[in-house]
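The values are calculated or read from the model by the stated rules, or taken from the named source; none is laboratory data. The shown structure was predicted, so the numbers you read here are calculated from the model rather than taken from an experiment. Don't worry about glycine lacking a Cβ; one is built from the backbone with ideal geometry, like all the others, and counts go over all protein chains shown. For accessibility, only protein heavy atoms count, side chains too; no ligands or nucleic acids. Shrake-Rupley method; radii C 1.70, N 1.55, O 1.52, S 1.80 Å.
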Amino acid sequence: MHNNGEMINVNNISVVYPGGIKALDGVSFKVPEQEIFGLLGPNGAGKTTLIMVLTTLLAPTGGKAQVNGLDVVKDKNRVRLNLGYVSQELAIDDELSGMDNLKLQAGLYHMEKAIRKPRIEEVLDLVGLSERAHDRVDTYSGGMRKRLDIACGLIHRPGILFLDEPTLGLDIQTRHEIWHYINRLREEVKMTILLTTHYMDEADSLCRRIAIIDQGSLKAIDTPDNLKKQLGGGLIIFQFDQAAASSTINQALGSLNEKEFVKEITLKNGEYRLLTDNSEEKLPLFFDALDGLKLNLKKVTLKMPSLDDVFLYYTGRQLRDESVSREQIDRVRSSMRRLRKTR
Ligand SMILES: Nc1ncnc2c1ncn2[C@@H]1O[C@H](COP(=O)(O)OP(=O)(O)OP(=O)(O)O)[C@@H](O)[C@H]1O
Ligand SMILES: [Mg+2]
């Protein structure tokens, strides 16, 4: 397959829903093989819409997109065999065992009988559920359910996995546990993963690169570190020893103020806050400037811009974890109940 090392190639994709809502407005980006790529954005940004286009569930109004070198419109069926999709809502049946859920899933892919069993064992092992395979899902914890949901998306060994809000509404320990398994898929099975999230810490620690999406367009795309660095800023926060003479302190501040890397020094709550463009890189210069002065520092701390600052900068709004709507979490939690009723 000719994918040029790119698992996803999105070129100027737009989606206008019937009724006129423009959910995506000319989005373009590429994701190389084996990357964990995050789409970070607030409610209604267009994250799920983009995943639906890439998983062939929704035809775009404009633009082109390829998954593993295949066009998502012209080559729908082959694209589907290449990808796994775990939706925002749980899709497993909690009256069945984990094993039976996976058997159903293998059936949906018309998998040959002979390979079903080893394949099911393989995915159970990948998400750490082998021991509980024969227990009913309603005895599982929230994290185990989500892991089973992910296992269902892996049954046909896709090269790329789409995870829509994989940890929405889960507690912090469970979220870390899910992150562990997502990382494992990349490392052990060499999978490419595109996930959406509201959670800054998730994007920051799990994703190699992230795209900030807001109101249907990409505002920024890079590694979390680069996004923070590009924003500039960064503080060196320090305090002098109490015994330091005020004349020496003034001398030190004077010396620092002359240096090019120092943008501004302010005093707040007894601490000096030195503004620079990259506090980590500039720290040696800070110590050089104080060299030779008979002055002891009581403490020095660094503060880099956070991903919150980055998000605020690009969207003009703060993306707090609380912005995950209650309604949305309830929707995920009740999805299995509803699923059962409709059977
Ligand atoms: N089937 C639909 N018909 C009409 N409008 C829709 C439909 N699905 C989504 N939208 C609208 O498209 C926009 C993007 O929605 P989308 O679900 O892609 O956002 P999202 O980033 O996934 O949000 P969330 O974080 O809440 O999951 C929103 O304005 C939404 O109301
Ligand atoms: Mg969504």
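Any of LYS190/LYS229; LYS74/LYS103; LYS30/LYS64 with alpha carbons more than 23 Å apart? Name them for me. Listed pairs above 23 Å: LYS190/LYS229; LYS74/LYS103.
Rounded to the nearest 0.05, what FRET efficiency do ALA245 and GLN215 give with R0 = 45 Å and r taken as the Cβ-Cβ distance? Could you check? The value I calculate is 0.20. With a Förster radius of 35 Å applied to the beta-carbon distance between THR61 and GLU281, the computed FRET efficiency rounds to 0.20. With a 10 Å cut-off between alpha carbons and a GNM built on the chain, which of PRO118, PRO305, PRO60 moves the most? Comparing PRO118, PRO305, PRO60 in the GNM, the peak value goes to PRO118.
Using a simple spin-label model with pseudo-atoms 7 Å out from Cα toward Cβ, LEU312 and GLN173 lie 3.2 nm apart.
Here the simple spin-label model places points 7 Å from the Cα toward Cβ, and for LYS259 and SER130 these points are separated by 5.5 nm.
Of the residues TYR272, TYR17, the one with the largest accessible area comes first in the ranking TYR17, TYR272, computed with a 1.4 Å probe on protein heavy atoms. Would you mind calculating the relative contact order of the chain from Cα pairs under 8 angstrom and at least 6 residues apart, reporting the percent as a whole number? 20 percent.
Helical content alone sets the calculated 222 nm signal of the chain at -12000 deg cm²/dmol, taking -39,500 (n - 2.57) per DSSP H segment of four or more residues and averaging over every residue.
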